[in-house]
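Remarks on the structure that follows.
The values are calculated or read from the model by the stated rules, or taken from the named source; none is laboratory data. Quick caveat, the model's predicted, so the values are computed rather than measured. We place every Cβ from the backbone using ideal geometry, glycine too, and count neighbours over all the protein chains shown. Note: areas computed on protein heavy atoms with side chains; ligands, DNA, RNA excluded. Shrake-Rupley method; radii C 1.70, N 1.55, O 1.52, S 1.80 Å.
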Amino acid sequence: MTLLDRHIAFLEALRAAGMPVSLSEDLDAVAALGLVGWGQRQQVHDTYAATLVKRQSQRETFDELFEIYFPRMVGEGFAAAAEPEGSRPARPADGPADLAAFTEELADALEADDLERLRQLASEAVGRFGSMPGRGPGMSSWSAYTTLRRLSTDELTLKLIEGLRRGGWTEEQAGRTAAKRVGSYQQMVEADARRRIAEEKGPDQIARITVRPTIDRLDFLSARRADLEALRREIYPLARRLATRLTQEKHARRRGPIDMRRTVRASISNGGVPLDVRLRPKRPHRTELVVLCDVSGSVANFASFTLMLVFALREQFGKVRAFTFVDDVHEVTDYFTPGSDMVDTMTRLADATSHAARFGRTNYGRAFGRFVEEHPDALGPKSSLLILGDARSNYSDLSLPTLRRMAASARHAWWLNPEARRNWDTGDSAASDYAAVVPMVECRNLTQLTEFVHDIL
Amino acid sequence: MAWFSSPSDATTRLATAGYLADAATATTSFLAGALEKPLLVEGPAGVGKTELAKAVSRATGADLVRLQCYEGLDEARALYEWNYKKQLLRIQAATDGQAWEETHDDIFSEEFLLTRPLLTAIRRDAPTVLLIDEVDKTDVEVEGLLLEVLSDFQVTIPELGTVAATRRPFVVLTSNASRELSEAVKRRCLYLHLDYPDTEREKEIVTSQVPDLDDKVATQLVTAVARLRDLELKKAPSIAESVDWARTLLALHIDDLDAKAIDDTLGVVLKHSSDTERAVRELKLR
């Protein structure tokens, strides 16, 4: 594989991961690399980043793919190749004694926070403890999971905390630093395992499997805990961007029809010639929003993100009321005070789930019934109804007439479903029954959510 | 003239100009000069996006031409404008005998042209750094205007013809990402995302800006700032705020940044009341 082939394969992988890399950017990258040269890996990385990545959200995908296509080293690296043949055993030692010695060395490196040494140790660890021998050439593989389990990272963390505390750190500080260092070591091990697998099986295949979608295209339902944090950090900037965009669009259509009275009045100063045409300002229309969210189990995350976004944009709405339900209804509007802290609000929302559940099994029919009973004043001709949920009602009564009445009394009604459209109506999902009453929109990630919120405003 | 001869040259020369650039910033600045392509810098407020442009101009001895963008910026403010009043005077002063053709040619000449930043930067013979600040604040139409300038470094004035750059300026565009720029603009630019620096680099920056600060306090300060950034705040403290904090501590003669000192001066770095509450609770200040 020549360098050019590798370059083109890398670009293809970036495009496959959803990054819009055009031909002109390709040419820019080649021209830039001609100037910088291939001497230093970090410079090659920065050059590619400057010419190909035009959005920060894509940076993580880019970094992962770069690691796969331009690995830090091949096999055991330069150090191993320099040693004479035969001085190393054919199979690296991985007995209990070796493991203990290695752990000792790793603990020292962690305490010293020596990044270069840690990177070497990560690679060595995968080589020694993470190999999964296969039957033939190309069948063997590497596992970061096995490596980390054998190294028992929890013990390492405890040991590191102890070491740091002896160095005069406070307990809280030591705990945080230790978790961070061990976490970054884990990432190094994972990256090294990926590198080795990519070497074995070819980068194209690994690129397809391991690279996750960017945060704004990540499914709410498949988000991990770290992703949830990243998503939460995105909400506030997202709301700000959306508000800017809305204001700009409103300004563009600010001018209304001609105001005859004021135009004639203004024309008097010009001797009756209407030089200055006065227009009637457009009154901004503010939607009053009523949000009903299913907060059971897996859809809870989706509901809280949508609520956060809606409340971050509250100036754009006339009034917002929010209710959560599992099989009972609970009003949560008061949890969102202006300027309050996002993390606190999320925690309180999660705690309030118990108020919305009576028997703990999702029951849309019952929840709608209770809503109409308890809050008959919530919906009116000015308000719009927004329902969030996967429409999975445990085969219970759907109460379609109640929902129809609710939709009829509101100005607009929408239903956001966080499931992929192909999963609607599978199992206990009653998506199309409800969709017949209230228009249902697929809303799986932040991008779709943003578009939807933009459209209803 | 080459702007920088290599990435490491960029690092050293920017450092002499008082800007401590990391590897990515140096490499990208070098490329922007060498490829003669505009550089789009994005990042949170207060990490030194505008400062980078100023530092490049100081380091290379070029003059800085700045176009501050805002909503409602138009061609007349960004590119050029005809000096209408002067043209009127010229017509009134014309003698009766002069033919219309002559006057017509006369009033659309250099003399009546008011150049605005973009045209100024292109027409200059001396090396120029063109800073287009907060480009995300403009309307979408202005982006269209920028396209011709950024790709070919030329401006077409119907009455005068096309003005091409004699010497391509070093163009820096900054953006807070409050709006997505169009793909067309991004495609023409090199991209650099400036983020909060790691603790060591931040300490270097703080001590270079506030040289009188005690080394111990500087270390405590950058660790505290790093911890504040780890909390999920509405507005995380940026480098500018770290430097402000350092100046505050110096002015108050605080030589040990303990919990009480942090609590007393937290208002310098955090600008939202909910952020302050959160920091007080998470850092166990009270």
Looking at (1) open to solvent by less than 30 Å² (accessible area, probe 1.4 Å); (2) within 14 Å of chain A (Cβ to nearest Cβ), find the lone condition where B:Ala34 falls short. (1)
Considering only residues of the range B:162-201 that are acidic (Asp, Glu) and not in a loop (DSSP other than H, G, I, E, B), which is nearest to the other protein chains (Cβ to nearest Cβ)? B:Glu183
Number of positions in the range A:153-210 that are surrounded by fewer than 16 Cβ atoms within 10 Å (Cβ to Cβ) and outside any helix (DSSP H, G or I): 4
I'm trying to understand the selection: among the residues of the range A:273-293, which are among the aliphatic types (A, V, I, L, M) and not in a loop (DSSP other than H, G, I, E, B)? A:Leu279, A:Leu289, A:Val290, A:Val291, A:Leu292
Tally time: how many residues in the range A:24-56 are open to solvent by 20 Å² or more (accessible area, probe 1.4 Å) and among the aliphatic types (A, V, I, L, M)? 5
Identify all residues within the range B:255-286 that are away from chain A (no Cβ under 14 Å), open to solvent by 40 Å² or more (accessible area, probe 1.4 Å), over 21 Å from B:Gly46 (Cα atoms) and touching a helix residue (DSSP H, G or I) at 6+ places or on another chain (Cβ under 9 Å); write none if there are none. B:Asp255, B:Asp256, B:Arg286
From the list A:Ala243, A:Ala239, A:Ala266, A:Ala252, exactly one residue is open to solvent by less than 50 Å² (accessible area, probe 1.4 Å) and more than 30 Å from A:Ser340 (Cα to Cα). Which is it? A:Ala266
Would you confirm whether or not the range B:129-151 contains a residue that is of a type in the set (Gly, Ala, Ser), on the phi < 0 side of the Ramachandran plot and outside any helix (DSSP H, G or I)? no
Taking only the range B:38-68 into account, find how many residues are open to solvent by less than 40 Å² (accessible area, probe 1.4 Å) and either polar (S, T, N, Q) or at pLDDT 90 or above (or both). 17
Take the residues in the range B:74-120 that are touching a helix residue (DSSP H, G or I) at 6+ places or on another chain (Cβ under 8 Å) and basic (Lys, Arg), then tell me which one is surrounded by the fewest Cβ atoms within 10 Å (Cβ to Cβ). B:Lys86
Any residue in the range B:167-178 that is out of contact with any helix residue (DSSP H, G or I) (no Cβ under 7 Å at 6 or more places or on another chain), over 22 Å from B:Glu75 (Cβ atoms) and in contact (Cβ under 8 Å) with a residue 12 or more places away in the chain? yes
Looking at the range A:273-324 only, could you name the residues that are modelled with pLDDT of 80 or more and open to solvent by 70 Å² or more (accessible area, probe 1.4 Å)? A:Val273, A:Pro274, A:Leu275, A:Asp276, A:Val277, A:Arg278, A:Arg280, A:Lys319
Answer with yes or no whether B:Val280 is under 26 Å from B:Thr50 (Cβ atoms), aliphatic (A, V, I, L, M) and in contact (Cβ under 8 Å) with a residue 12 or more places away in the chain. no
Looking only at the range B:218-242, filter to residues that are crowded, with 20+ Cβ neighbours inside 10 Å, free of Cβ contacts under 8 Å to residues at least 60 places away in the same chain and among the β-branched types (Val, Ile, Thr); which one of those is farthest from B:Val269 (Cα to Cα)? B:Val222
Which one of the conditions (1) within 29 Å of A:Ser429 (Cβ to Cβ); (2) open to solvent by 50 Å² or more (accessible area, probe 1.4 Å); (3) assigned to a loop (DSSP other than H, G, I, E, B) does A:Asp327 fail to meet, given that it meets all the rest? (2)
